[in-house]
Structure formats: structure tokens, C-alpha cells
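K.L.:
Can you read through this structure? Questions will come right after.
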Amino acid sequence: MNPAVDLAVTTPRLEIKRKLRCRDASITPGGGGINCSRAIANLGGKSCAMFTCGGETGRIIVQQLARAGIATARIDIQENTRINILANPEDEEGEYRLVLPGPELREREWQSALRRLEEVLGDGSLLIASGSLPPGVPDDFYSRVAAVAKKRGALLFLDSPPEAMRRAMAEERLFAIKPNKSEWVAVQGGGAIVEN
């Protein structure tokens, strides 16, 4: 529901108020579900990446997935698909991840995603619903996805933000979930989420 174009760059260092010369820029389609489809393709499998898509950034995702031979089922939205920035300073271990919330979806857009899902899912399908929910999408969205999966005879594997996971677990039966440790603590109602 919240794909992104990930722009990754390498820079000698990160400094405030300095023009930072970057190199090794790469643009990659990203977001939980798209990353799953890319991993499946890398392992020689087949999947259909379903995602919201808007503007020039959305077209970049469509083009790159087509080049990779990944089937898609896109839901057109009015606003631009988000861009995330990953900065890799040469003098540090790891990367800085600047993650945007994503475009605000209108009710007709996220409802359209549920209708499209029902069209695409087949009996016995494995549905991997992964990633954050953009602004405008209700916390019970993945519960609604689980209901569609149940109706179509598909198995749902859910990797979502804690509140959405909590709602889905309370309202529907799921095949599997994939929280990390801090997300699981939050799902259980035991404190704040610590990003890792």
C-alpha cells in the first residue's frame, strides 16, 4: 500500500550546511511487498506485485519491475508515490535512512485496492501483505485484506505496523505474521517501538 522509489547514494561524510558530493547513485523500487516480489524473482519464483502507483515515481517502479520480469497489479492513485533516501557515508558503518510517510490515499483509492485484490487472488494463493500503511488508510485495512483472503481461499502472511497487525489478529485468522522483537512487544501492548 505504500511503495517507494529508494534513492541510495554514497558520500564521503554527512555534514550539516555543506554541499555533499555523492556518487554510486542507484534507484530501486521498494516497499515491503515489492521487496518480497523481487526476492521471489531472485530465487527463481513467480509472484504478482500489487501496489499503489502515482506520478513519475510510480512509473519508475512499474518500468523497473517490468524489466525484472515481475508481474504487477497496480492501483492508480492521484498523488505521487513516495521517495526514500538512503545515504551511505564512507567514514561510517551502515546507512542513514530518510523514510517519508507516503501520499495520502483517498477512501476510493484504498477501497479500490481491496476490490483489485479480490480480482487477483486465486484459491490456494499465498498473499504476503507487507509494509506500512500510508496516511488516509485505516488501521483495520489489513483486517479487511484478511477477510478478502479468506473469501478467496488464500493464505495471508502479514508483516505490518503493530496497530494494523493487532487489529488483523483480533478480527481475522492469519496464516502467519512476521513482527520483529520490538514490533511484537508493541502488538502485545507492552511499550514503545524501537526501530532496528
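K.L.:
Only one of these is in contact with a Phe, Trp or Tyr (Cβ under 6 Å, 6 or more places away or on another chain) and either at negative phi or crowded, with 20+ Cβ neighbours inside 10 Å (or both): Pro89, Pro103, Pro3. Name it.
P.N.:
The unique qualifying residue is Pro3.
K.L.:
Determine which member of the set Ile40, Ile60, Ile70, Ile85 is under 19 Å from Gly131 (Cβ atoms), free of Cβ contacts under 8 Å to residues at least 40 places away in the same chain, touching a strand residue (DSSP E or B) at 6+ places or on another chain (Cβ under 7 Å) and hydrophobic (A, V, I, L, M, F, W, C).
P.N.:
Ile70
K.L.:
I've got another one for you. In the range 114-147, which residues are closer than 24 Å to Gly45 by Cα and either part of a helix (DSSP H, G or I) or of a type in the set (S, T, N, Q) (or both)?
P.N.:
Arg116, Leu117, Glu118, Glu119, Val120, Ser125, Ser130, Val145, Ala146 - these are the residues of the range 114-147 that are closer than 24 Å to Gly45 by Cα and either part of a helix (DSSP H, G or I) or of a type in the set (S, T, N, Q) (or both).
K.L.:
Enumerate the pairs (first residue in the range 157-169 and over 18 Å from Gly31 (Cβ atoms); second residue anywhere and in a strand (DSSP E or B)) with beta-carbon separation below 9 Å, excluding pairs fewer than 6 apart on the same chain, so at least 6 apart or on different chains.
P.N.:
So the pair list comes out as Ala168/Ala129; Ala168/Leu156; Ala168/Leu158; Ala168/Ile177; Met169/Leu158; Met169/Ile177.
K.L.:
Mind checking which residues of the range 159-180 are over 14 Å from Val145 (Cβ atoms), touching an Asp or Glu at 6+ places or on another chain (Cβ under 8 Å) and of a type in the set (Lys, Arg)?
P.N.:
Lys178
K.L.:
Condition first: closer than 13 Å to Thr28 by Cβ and among the β-branched types (Val, Ile, Thr). Now tell me which residues in the range 82-107 satisfy that.
P.N.:
Within the range 82-107, Ile83, Ile85 qualify.
K.L.:
Let me ask you something else. What are the residue pairs meeting all of these: first residue in the range 93-119, first residue more than 21 Å from Arg144 (Cβ to Cβ), second residue charged (D, E, K, R), Cβ atoms under 8 Å, and 6 or more apart or on different chains?
P.N.:
Pairs found: Leu100/Arg82.
K.L.:
Related question: Could you give me the residue pairs with C-beta distances under 6 Å whose first residue belongs to the range 122-144 and is farther than 21 Å from Gln78 by Cβ and modelled with pLDDT under 95, whose second residue is among the hydroxyl-bearing types (Ser, Thr, Tyr) and surrounded by 17 or more Cβ atoms within 10 Å (Cβ to Cβ) wherever it lies, and which are 6+ apart or on separate chains?
P.N.:
Ala129/Tyr142; Tyr142/Ser160
K.L.:
When you go through Ala8, Ala39, Ala49 one by one, which is the residue that is within 30 Å of Ala164 (Cα to Cα), touching a helix residue (DSSP H, G or I) at 6+ places or on another chain (Cβ under 7 Å) and among the small types (Gly, Ala, Ser)?
P.N.:
That would be Ala49, the only listed residue that is within 30 Å of Ala164 (Cα to Cα), touching a helix residue (DSSP H, G or I) at 6+ places or on another chain (Cβ under 7 Å) and among the small types (Gly, Ala, Ser).
K.L.:
If a residue has to be touching a strand residue (DSSP E or B) at 6+ places or on another chain (Cβ under 6 Å) and either without any contact (Cβ under 8 Å) to a residue 12 or more places away in the chain or of a type in the set (D, E, K, R) (or both) to count, how many in the range 3-19 make the cut?
P.N.:
Looking only at that region, the number is 2.
The values are calculated or read from the model by the stated rules, or taken from the named source; none is laboratory data. These figures come from a predicted structure and were not determined experimentally. Glycine also receives a Cβ, built like all others from the backbone with ideal geometry; neighbour counts cover every protein chain displayed.
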